[in-house]
Every structure is written in structure tokens, then in C-alpha cells.
Amino acid sequence: MKNRSKNKTKSRKNQEHWIYGYHTVIAALKNENRIKYRLIVDEGAKKKLDKEPNFQIPSELSPIIKEKNEIEKLFDHKVNHQGIILNVEKLPQLKLQDFIDDFLDKEKSTVAILDQLEDSQNVGAIFRSAYGLGIDAIILTNSQSVSENSFIAKTAAGGLDKIPFTTVTNISSAIKIFQENQFWVYGMDGNANKMINEIEFPKKTALVLGSEADGMRNITKNLCDELFKIGINKNLESLNVSNAAAITFFHLNTK
């Protein structure tokens with residue numbers, strides 16, 4: 001990921017924002033765009049960190065060693081922290097045009113736009129699949145959507161710090177901006193006429209994935225250049241959005 005900001009002053013906007021889990025924390029430690037405050041580990045995680053290939057704990061972070069049960073007390077609910085947690089700032093968000101200019105290749109890019117997804121596990125799973133299957137960036141919406149949180153970070157298994165993302169206020173405006181930047185916008189819709197394998201996806205593609213409950217809104221569908229669906233058993237109403245996303249990402253990654 002490119003540098004979003006050279007200003008790394010520690011303003012402590014999110015001083016109680018902790019992320020946890022080994023792969024999640026490693027990815028954040030390696031991400032130069034992350035402002036990091038405190039690293040807490042147990043003995044087992046510290047030994048594992050010391051053996052991590054091609055990695056060195058940033059010099060400004062001196063690991064604090066605690067017992068597992070002491071780490072658990074820092075959370076108000078049970079989390080699978082794996083003996084390692086990191087106090088960080090949430091990642092800075094750019095205006096969409098600046099994000100496109102800074103992070104996306106002008107010739108070939110594939111972007112996923114998540115429209116009003118409310119389930120942190122789904123969003124985290126989509127980040128993980130997106131990173132593993134060649135998606136270049138993710139766009140989230142402000143309205144009726146989850147924003148960056150520790151559960152998304154854990155579910156994404158490092159994907160949140162490896163794949164660029166930003167948040168937009170108005171998805172209609174965002175789609176138009178992508179189209180102005182020569183992207184073709186495709187919406188995943190269970191009632192579409194075309195199957196995914198019938199679409200010739202271009203070099204610059206934006207995929208719109210609708211909410212868990214209602215799918216894409218009509219206003220969003222009408223702005224897409226084309227709609228497509230995934231073939232599934234006729235007795236099944238739909239796939240979970242993160243599963244449908246992974247299938248779509250795989251399909252595009254094999255083209």
C-alpha cells in the first residue's frame with residue numbers, strides 16, 4: 001500500500017482502538033500507513049514474533065509482555081487475541097478521486113464496492129478474499145454500513161492492512177466517478193439476465209455487492225453498466241454475500 005499521509009503525528013484520535021490476532025497485528029506492524037501506539041504480547045507470541053522471517057518490530061514499539069488473562073481484561077468481551085494485540089489509529093480515508101489517483105493503476109484495476117453491508121464478519125471475509133484473489137481495492141459506504149473495527153480486522157486476517165480501501169458518502173456519486181475514470185461498473189444481482197461467465201469483464205472493472213438482507217438497491221442497479229448473477233441451485237434463494245464475492249473474485253482472477 002502506498003503512503004496515504006506523511007504526517008505521522010500521534011494525535012491519539014482512537015487511543016482505545018485495539019486490533020488483535022497474530023496475522024492481523026503482523027500486517028498492521030508492516031503497514032507504514034498505520035499509526036501505532038502500543039504492542040502487547042504474551043511470551044508465546046513474543047517468541048513467534050522473534051522468529052518471523054523478514055520482519056523486525058518497529059524500533060518505536062517496545063513490546064509489553066503480559067499474561068494471556070491480563071490481555072483479556074483489556075476487552076469487554078471475549079476475543080481470540082492469540083496472545084498479541086496492537087493499539088493503533090484507524091486508517092486514514094481519502095476522497096474517492098484522490099484514492100483512485102493514488103492507489104489504482106490507470107490501465108488495469110478491479111475494485112469491489114460494498115453497498116450498505118452491515119455484518120463485520122462478511123466485510124472482513126470479503127477483505128480476506130479480495131486480497132487473496134487479486135482485487136486491487138475496496139470501497140465502503142458510510143450509510144447503514146459497518147466501518148473499520150477490530151472484528152473486521154481479525155476476520156480479514158491482515159487483509160485490512162494489505163488492500164487499499166476508502167469510504168464514500170454517496171454510492172451514486174462514487175459509481176459516476178468510477179465511470180468518469182473509464183471503469184465499467186457491474187452489479188451482482190440474483191435476478192440479472194446474464195450469468196457471470198457470459199460477461200467479458202474489461203481491464204478496469206468495478207463490482208458492486210449489495211447488502212446482506214436486500215441486495216443492491218434499485219437506484220444502484222440503474223447506475224450499473226451491466227448486471228450479472230452466479231448460477232446456484234434453484235432451491236436456494238441466494239448465497240451469503242461474502243461467499244458470492246469470493247466466487248466472483250476467483251472468476252475474475254482466472255481470466
Per residue of the chain, what 222 nm ellipticity follows from adding -39500 (n - 2.57) for every DSSP H run with n ≥ 4, rounded to the nearest 500? -9000 deg cm²/dmol
Roughly what % antiparallel, to the nearest 5, for the DSSP beta bridges in the chain? 25 percent
What whole-number distance in Å separates the alpha-carbon centres of the stretch 73-98 and the stretch 199-255? 29 Å
FRET efficiency, 1/(1 + (r/R0)^6) with R0 45 Å, evaluated for ILE57 and THR254 via beta carbons: 0.75
For the chain, accessible area per residue (1.4 Å probe, heavy atoms of protein chains only), Å²: 53 Å²
Along the Cα-to-C-beta direction of GLU43, a point sits 7 Å from the Cα; which residues of the stretch 51-89 have their amide N less than 16 Å from that point? 64-71, 83-84
Would you please give the residues with an amide H less than 5 Å from that of ASN31, counting only those at least 5 places away or on a separate chain, with H modeled from the backbone geometry? none
Listed residues ASP76, ASP105, ASP225, most fluctuating in the chain (Gaussian network, C-alpha, under 10 Å): ASP76
Report relative contact order for the stretch 57-180 in percent, whole number only (criteria: Cα-Cα under 8 Å, sequence separation at least 6). 25 percent
So the carbon and sulfur contribution to the accessible area of the chain, 1.4 Å probe, in percent, is 44 percent
For Cα extents along the principal axes in Å, with candidates (1) 91, 48, 34; (2) 57, 43, 33; (3) 59, 44, 38, the value calculated from the shown model is option (2)
Taking θ = phi - 60°, what integer Hz values does the Karplus form 6.51 cos²θ - 1.76 cosθ + 1.60 yield along the stretch 131-144, in sequence order, with x for Gly and Pro? 5, x, 10, x, 6, 8, 6, 10, 10, 10, 10, 6, 6, 6
Run the quick spin-label model on GLU200 and ASN33: label points 7 Å from Cα toward the beta carbon, then report their separation in nm to one decimal. 3.4 nm
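The values are calculated or read from the model by the stated rules, or taken from the named source; none is laboratory data. Note that the coordinates shown come from a computational prediction; the quantities given were computed from them, not determined experimentally. All Cβ positions, even for glycine, are placed from backbone atoms using ideal geometry, and neighbour counts span all protein chains on display. Heavy atoms of the whole protein, side chains included, go into the accessibility calculation; ligands, DNA and RNA do not. Shrake-Rupley method; radii C 1.70, N 1.55, O 1.52, S 1.80 Å.
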